[in-house]
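J.: Submitted below is the structure of interest, expressed as structure tokens.
The values are calculated or read from the model by the stated rules, or taken from the named source; none is laboratory data. None of the values given here were measured: they were computed from a predicted structure. Here the Cβ positions follow ideal geometry from the backbone for every residue, glycine too, while neighbour counts run over all protein chains shown. We work out accessible area using only protein heavy atoms, side chains counted, and drop any ligands, DNA or RNA first. Shrake-Rupley method; radii C 1.70, N 1.55, O 1.52, S 1.80 Å.
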2 protein chains.
Amino acid sequence: MVEPTAGAEMRADARRNRENILAVAREVFDQQGTEASLRDVARRAGVGIGTLYRHFPTRDALLEAVLRNGLENMRAAADEALEASSPREALIAWLQRFSERSGACRGFPASVLNALVDEQSELHASSAAMMEAATRLLARAQEAGEIRKDVDAEELFAAAAAVGWVAEYSGRKRAERILGLLGDGLATTG
Amino acid sequence: MVEPTAGAEMRADARRNRENILAVAREVFDQQGTEASLRDVARRAGVGIGTLYRHFPTRDALLEAVLRNGLENMRAAADEALEASSPREALIAWLQRFSERSGACRGFPASVLNALVDEQSELHASSAAMMEAATRLLARAQEAGEIRKDVDAEELFAAAAAVGWVAEYSGRKRAERILGLLGDGLATTG
DNA sequence: ACCTGAACACCGTTCAAGT
DNA sequence: ACCTGAACACCGTTCAAGT
């Protein structure tokens, strides 16, 4: 097993190429979504298509490298939110942030949701870590009696991804209103 | 303007081809989703790729022909539901039916939601008609005081499509539970 | 009037040949 | 060790040539 993020022992030109591809991919994915042409990425990075595949053997591998930071941030945000005063508000705010991030890159919600379910996906680890953090956030709100207990984290997560997906088609505004509906549905009833 | 559904004045072989393409497309879209290969459809239908394009100049045109019946049925179902005893339950049941139908064909929710927003889409008319019917269903439930008044039909519709989308990734079961959350969020509050 | 398939411009992915 | 691009098998879409 080779650590793909390895750096120091990589040849200087290889290192440069890798970082160049990454920077370009970030831009292209943001503009065109997660299904953007890899050939296009290689071209813009001024690199042969084979080089791209050498560094990132699958689309998911490249996506993982591009999204890792963002997912890590979301995980950290969830951990921090554990200390907020209102468990319910903290959870809702986090969900909103997640669905906002989703709307910023077409295909992002699908990729993350997919990675969560598919343990083979290179995105699985990052996604799962983020969801674990979100799970704690949910549990706290449930224990505080502020969120109904018959929902699990995956469900909540899928809902947030769905809201992000809606933003791709109907715009962020509508997406936000739907998130509001969900938030009300999550409140403890009876 | 030529009526694309025209029949009697079409040459017999053309008519046969058209119907064959349609039947095959229905199957292929159901199996592989709305992004399935058109070339594959033509191949399976035993027809040149040019013939497919002659009958259906765009993917949307083919999709429209395939989905028209289903959308029309959903529209009719919404109209019938207007006479159900419980306006709220009728609306929720319709939404569930819509999201179920969505889950049956990958890409269906995206196509319909897209068509709703894009007036140029060949799917626009069918989709819009369905949503108009759903709008009446919503309005009745709101007038009966059973659904909050600060939601509009497009919002509700987008939410239902999102639930259908979720089913593509996380399964129907989870999708149904999310629809339940939405249903509770839709209830009149305060 | 209609059908066909070659043609064009793109993909994703692999791998022999080069440095 | 790494890079390159040709090669292969696919697309979507158009259009000249055929019946």
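J.: Sort out which residues of region A:19-37 are away from DNA strand C (no atom under 14 Å from the Cβ) and either touching a residue at least 40 places away in the same chain (Cβ under 8 Å) or among the aromatic types (F, W, Y) (or both), and write them in order of number. Before the answer, list the steps.
T.: If we filter region A:19-37 for residues that are away from DNA strand C (no atom under 14 Å from the Cβ), which is where we start, we get A:19-20, A:22-23, A:26-27, A:30.
Of everything in region A:19-37, those that are away from DNA strand C (no atom under 14 Å from the Cβ) and either touching a residue at least 40 places away in the same chain (Cβ under 8 Å) or among the aromatic types (F, W, Y) (or both) turn out to be A:L22, A:R26, A:D30.
J.: Here is a follow-up. Quick check on B:S111: is it crowded, with 18+ Cβ neighbours inside 10 Å and either under 24 Å from A:Y169 (Cα atoms) or within 16 Å of DNA strand D (Cβ to nearest atom) (or both)?
T.: yes
J.: So which residues in region A:152-182 are open to solvent by less than 10 Å² (accessible area, probe 1.4 Å) and more than 7 Å from chain B (Cβ to nearest Cβ), if there are any at all?
T.: Scanning region A:152-182 gives A:F157, A:A160, A:A161, A:G164, A:A175.
J.: Criterion first (out of contact with any strand residue (DSSP E or B) (no Cβ under 8 Å at 6 or more places or on another chain) and assigned by TED's automatic domain parsing to the domain that holds B:F108) does B:N20 satisfy it?
T.: no
J.: Could you list all residues from region B:96-108 that are open to solvent by 10 Å² or more (accessible area, probe 1.4 Å) and in a helix (DSSP H, G or I)?
T.: B:Q96, B:R97, B:S99, B:E100, B:R101, B:G103
J.: Can you list residue pairs whose Cβ atoms sit under 6 Å apart, with the first residue in region B:38-67 being away from chain A (no Cβ under 14 Å) and on the phi < 0 side of the Ramachandran plot and the second being more than 9 Å from DNA strand C (Cβ to nearest atom) and of a type in the set (D, E)? Count only pairs 6 or more apart in sequence or on different chains.
T.: Listed pairs, sorted by first residue: B:D60/B:E122; B:A61/B:E122; B:E64/B:E122.
J.: For region A:17-34, check the following and say yes or no: at least one residue is within 14 Å of DNA strand D (Cβ to nearest atom), within 14 Å of chain B (Cβ to nearest Cβ) and under 16 Å from the mean Cα position of the chain (by Cα). Please lay out each step first, then the result.
T.: Filtering region A:17-34 down to residues within 14 Å of DNA strand D (Cβ to nearest atom) leaves A:17-22, A:24.
Filter again for within 14 Å of chain B (Cβ to nearest Cβ), leaving none.
Looking for residues that are within 14 Å of DNA strand D (Cβ to nearest atom), within 14 Å of chain B (Cβ to nearest Cβ) and under 16 Å from the mean Cα position of the chain (by Cα), one finds none in region A:17-34, hence no.
J.: Conditions first: (1) within 12 Å of DNA strand D (Cβ to nearest atom); (2) assigned by TED's automatic domain parsing to the domain that holds A:R106. A:L71 passes all but one, so which condition is the exception?
T.: The one condition A:L71 does not meet is (1).
J.: Sticking with this one: Out of B:L71, B:L91, B:L62, which single residue is open to solvent by less than 40 Å² (accessible area, probe 1.4 Å), within 16 Å of DNA strand C (Cβ to nearest atom) and in a helix (DSSP H, G or I)?
T.: Of the residues listed, the single one that is open to solvent by less than 40 Å² (accessible area, probe 1.4 Å), within 16 Å of DNA strand C (Cβ to nearest atom) and in a helix (DSSP H, G or I) is B:L62.
J.: Mind listing whichever residues of region B:123-156 are among the basic types (K, R) and part of a helix (DSSP H, G or I)? Can you show your working first?
T.: Within region B:123-156, the subset among the basic types (K, R) is B:136, B:140, B:148-149.
Once the filter is applied, which keeps residues that are among the basic types (K, R) and part of a helix (DSSP H, G or I), region B:123-156 yields B:R136, B:R140.
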